Amino acid sequence: MLTEQMKDTLERSASTAGQVFLSLIVTANVADLDMDAMTYIITTALAAGLSVLKGQAAARMGFGDDTAGLVTLKRDPKTGRFMSAKKGKK
């Protein structure tokens, strides 16, 4: 069973993989680069793997809150959901 922190890490790594893959496609087309499919796959997998390592390190080393992020987010005491740090300030 996946913990909330693991789900957070996996979501972030999947997002990173998607961003890298799309960036590679656009860059290769704009710069007229000749890249094979294996280059796309390896580069995308490497970026996703680094994202997982960063997320796990952030969670285990005590940075931020209990997510895979490096920042501490405020939680709404009633719902437990994260909220903007600016919310409620005047």
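Per-structure values
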quantity	calculated
Angle between the chain longest axis and helix 4-30 axis [Cα atoms, degrees, rounded to 10]	30
In the chain, lysine pairs with alpha-carbon atoms under 20 angstrom apart (chain gap of 8 or more, or interchain)	9
In degrees, nearest ten, helix 37-60 long axis to first principal axis of the chain (Cα)	20
Positive-end residue, segment 4-83 charge dipole about Cα centroid, Cβ charges, pick of Thr9, Ala48, Ser23	Thr9
Qualifying trypsin sites (Lys or Arg not before Pro) in segment 22-82, DSSP loop, other Cβ atoms within 10 Å at most 12	Lys78, Arg81
Electrostatic dipole magnitude of the chain [Cβ: Lys, Arg +1; Asp, Glu -1; Cα centre; debye, to 20]	960
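No lab work stands behind these numbers, since they all come straight from the coordinates. Bear in mind that the values here come from a model prediction, so they are computed numbers and not experimental data. Ideal geometry is used to build each Cβ from the backbone, glycine not excepted, and the neighbour counts take in all protein chains shown.
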